Amino acid sequence: PSRDANLTSKKLPRSFMWGVSSSAYQIEGAAAADGKGPSIWDLLSHRPPGFVQDNSTGDVVAEHYYLYKQDIRRLKLLGIPAFSPSISWPRIFPFGTGAVNEAAVAHYDDVIQELLFRGITPVLTLFHWDTPLALFNEYGAWSSPRIVDDFFNYAKFVIMRYDKYVPIWFTINEPQYCNWQYSTYPDDGTYWPKYGNWTDDKVGKARRRFLCGHHTLLAHAKVAKWYKEEFKGKGRITFKNSGNYYEARDVNLPNDVLSAKRSVDFSIGWFGGPWTDGDYPPSLKTTLGDILPTFTPSEKALIKGSCDFYAIDAYTAYTAYGSDNDIQCTNDTFNAAWPECAPSSQMGGNQFPLGPSSDPGASWLRSTPAGLRKYLKFITKELFPTVPDIVVSEFGFAEPFESSLTKMEDILWDLRRADYYQGFLDAILQSILYDNVNVTGAWAWSIYDNFEWNSGLSTRFGLQYVNYTDLSRTPKASMFQLKSWFREHAQ
Ligand code: PNW
């Protein structure tokens with residue numbers, strides 16, 4: 001599509017930070033190296049056929065754990081100024097708590113040194129879903145308040161060691177999704193080690209999900225408070241939200257408006273309400289009743305203001321539709337999987353001209369740059385007007401990948417993804433220039449093809465191609481598109 005011509009050579013603010021991102025389990029491989037403990041994902045990816053669609057695992061992936069030096073050098077050669085990976089909790093604390101695994105610490109020391117040596121800024125996520133399995137067996141991990149102190153100890157250890165090099169800390173990646181993982185499968189020992197006494201109906205699943213969410217908030221807040229008030233860290237701290245924009249199909253239809261509102265509340269309101277206003281949004285409380293845990297006054301005080309800025313992983317946008325049936329939010333209509341009694345949402349509508357569709361393994365994702373621009377404005381001007389600035393902490397696209405492709409030029413010519421990046425980056429620049437939204441950073445997902453949780457290695461989000469046979473990496477067209485966009489617009 002043709003670009004907004006007024007953007008030509010317009011500049012981002014000098015302080016704008018950008019780079020590529022990924023997470024430990026999705027790229028490192030080396031699943032049992034150097035004393036690493038297992039995480040829940042080591043278990044899940046080895047579950048009976050079909051749990052991960054193509055039955056692949058994170059055992060090897062791209063072996064970033066061994067090949068990080070070439071990966072970092074490659075970023076340098078490509079002109080990427082910053083890298084946002086995650087640290088693996090079960091590497092540093094194989095049992096989640098207790099003794100530190102010095103071999104893993106030495107490894108991450110070296111990764112950080114290598115990044116600094118190449119002049120690439122490390123921006124670190126402390127937890128990207130790889131919960132130590134030991135804590136799951138011990139007390140049900142995020143379903144127990146005991147996780148708060150264990151996460152705190154781990155986070156303190158990593159922050160104290162690396163804070164002088166790290167300008168941004170993301171405590172937790174997308175609590176919306178990691179808590180959903182807990183509630184999707186029955187607690188009967190089939191998928192997980194049995195960890196509680198939950199009823200396996202919709203309500204029981206929802207209880208687990210919102211309780212886990214509650215503990216991620218408390219864990220984040222405890223770390224953030226210590227970071228700011230006691231440790232007086234020199235960087236900024238927040239957590240990464242998962243959310244896609246929901247816009248009412250027709251603002252004159254009350255159920256459409258309600259549908260959009262509920263969808264927003266149940267995705268980003270769930271975690272944004274507590275840190276901006278000190279509590280969950282009213283719609284969650286009325287809909288969920290006693291399914292939703294409550295904060296004590298001191299917990300509210302702890303969480304409120306616990307983020308220095310807002311971080312959103314914003315991949316796509318939806319049009320929300322209402323219907324008379326949908327608005328009866330009783331336990332009978334409860335859909336524990338996704339968003340509770342929210343009326344339907346669909347990609348589409350006139351609001352967001354739909355760009356190309358992505359790989360079937362990421363069928364939730366269409367390219368909707370106009371949706372991103374509306375979303376950034378909506379979050380900062382309407383929903384959470386107190387947030388000082390916003391960062392797009394992930395955005396990206398899975399080019400449909402034909403396994404029959406054998407010619408490198410076909411594999412590397414990922415024009416849909418290139419188009420996605422240009423559209424989304426233009427939308428960010430427009431937000432800054434025309435909507436007065438303070439966007440201070442953007443992180444492209446992902447450095448290269450990696451293990452995509454539910455669809456495995458066959459869904460490829462990379463800006464570089466990974467050949468999973470010889471582990472070679474090759475930049476795709478989208479990488480050069482991204483780079484040339486920033487060459488024009490970064491200062
Ligand atoms: C993010 N959705 O998750 C995760 O942080 C990454 O680990 C993951 O690889 C990436 O997006 C691509 O999927 C999401 O359904 C999962 O809207 C699902 C959604 C959004 C983000």
> In Å², what does the accessible area per residue of the stretch 52-106 work out to with a 1.4 Å probe?
Replying inline: 39 Å²
> Using modelled amide H (1.01 Å from N, peptide plane; none on Pro or chain starts), what sits under 5 Å from the amide H of Thr125, excluding residues fewer than 5 places away?
Replying inline: Ser86, Ile87, Phe170
> Full extension from Leu253 to Asp200: what is 0.36 nm times the residue separation minus their Cα-Cα distance, to one decimal in nm?
Replying inline: 15.5 nm
> Which percent of the accessible area of the stretch 79-128 is formed by carbon and sulfur heavy atoms (probe 1.4 angstrom)?
Replying inline: 62 percent
> In straight Cα distance, which lysines are under 17 Å from Lys374, not counting same-chain residues fewer than 8 positions off?
Replying inline: Lys261
>> Straight-line reach from Lys222: which aspartates and glutamates fall under 19 Å, measuring Cα to Cα and dropping same-chain residues less than 8 apart?
In response: Asp149, Asp150, Asp163, Glu174, Glu230, Asp277, Asp279, Glu299, Asp308
> Quick one: ranking Phe451, Phe480, Phe51, Phe117 by accessible area, 1.4 Å probe, largest first, what do you get?
Replying inline: Phe117, Phe480, Phe51, Phe451
> How high is the relative contact order of the chain, in percent, counting Cα pairs under 8 Å that sit 6 or more residues apart?
Replying inline: 17 percent
> With r defined as the distance between the Cβ atoms of Asn350 and Arg161 and R0 fixed at 56 Å, what FRET efficiency is calculated, to the nearest 0.05?
Replying inline: 0.65
> Gap in Å between the Cα centre of the stretch 443-491 and the Cα centre of the stretch 76-151?
Replying inline: 22 Å
>> If you restrict to DSSP beta bridges whose two residues both lie in the chain, what percentage is antiparallel, to the nearest 5?
In response: 20 percent
> Cα gyration tensor of the stretch 1-101, axes a ≥ b ≥ c as square roots of the eigenvalues: rounded (a/c below 1.5), prolate (a/b > b/c) or oblate?
Replying inline: prolate
> How much of Leu302 can a 1.4 Å solvent probe reach, expressed as accessible area in Å² and rounded to 10?
Replying inline: 40 Å²
>> Assuming 0.36 nm per residue, please report the length gained on full extension of the stretch Glu402 to Asp109 beyond their Cα-Cα distance.
In response: 101.6 nm
>> Just to verify a number: FRET efficiency for Glu102 and Tyr468, C-beta to C-beta distance, R0 = 45 Å, to 0.05?
In response: 0.90
> Which order do Trp364, Trp142, Trp413 take when ranked by solvent-accessible area (1.4 Å probe, heavy atoms of all protein chains), largest first?
Replying inline: Trp413, Trp364, Trp142
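Which of Lys76/Lys234; Lys205/Lys304; Lys164/Lys225 have a Cα-Cα distance over 20 Å? Each step should come with its number before you reach the end.
Values: Lys76/Lys234 25 Å; Lys205/Lys304 27 Å; Lys164/Lys225 18 Å.
Exceeds cut-off: Lys76/Lys234; Lys205/Lys304.
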> Sequence-distant or interchain residues sharing an amide H contact under 5 Å with Asp389, placed H: which?
Replying inline: Tyr310
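Under a Cβ-only charge scheme (Lys and Arg +1, Asp and Glu -1), can you give me the dipole magnitude of the chain about the Cα centre, in debye to the nearest 20?
On the way: 48 positive and 54 negative charges, 289 e Å.
For this selection, approximately 1380 debye.
Could you order Leu471, Leu124 by accessible surface area, starting with the largest, using a probe radius of 1.4 Å? Present the calculation step by step, with values, prior to reporting the outcome.
Details: Leu471 25, Leu124 5 Å².
Order by accessible area, largest first: Leu471, Leu124.
Calculate the FRET efficiency for Arg73 and Asp277 from the Cβ-Cβ distance with a Förster distance of 45 Å, rounded to the nearest 0.05.
Values: r = 45 Å, r/R0 = 1.01.
Given R0 = 45 Å and the Cβ-Cβ separation, E is 0.50.
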> If you take the square roots of the eigenvalues of the alpha-carbon gyration tensor of the stretch 158-303 and sort them as a ≥ b ≥ c, do you get rounded (a/c under 1.5), prolate (a/b over b/c) or oblate?
Replying inline: oblate
> Under 5 Å between amide H atoms, partner at least 5 residues away or on a different chain: which partners does Ala82 have, H built in plane at 1.01 Å?
Replying inline: Val20, Thr121
>> To check my understanding: the extent here is largest minus smallest coordinate of the Cα atoms along each principal axis. What are those three numbers for the chain, in Å, largest first?
In response: 57, 54, 49
>> Can you tell me how the stretch 92-236 classifies by the Cα gyration tensor, rounded, prolate or oblate, using a/c under 1.5 as the rounded cut?
In response: prolate
> Under 15 Å from the Cα of Lys483, which aspartates and glutamates turn up, not counting those fewer than eight places away in the same chain?
Replying inline: Asp414, Asp419, Asp426
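The values are calculated or read from the model by the stated rules, or taken from the named source; none is laboratory data. Given the structure is predicted, the values throughout are model-derived calculations rather than measurements. All Cβ positions, glycine included, derive from the backbone under ideal geometry; neighbour counts span all protein chains shown. These accessible areas exclude ligands, DNA and RNA; they are computed on the full protein's heavy atoms, side chains included. Shrake-Rupley method; radii C 1.70, N 1.55, O 1.52, S 1.80 Å.
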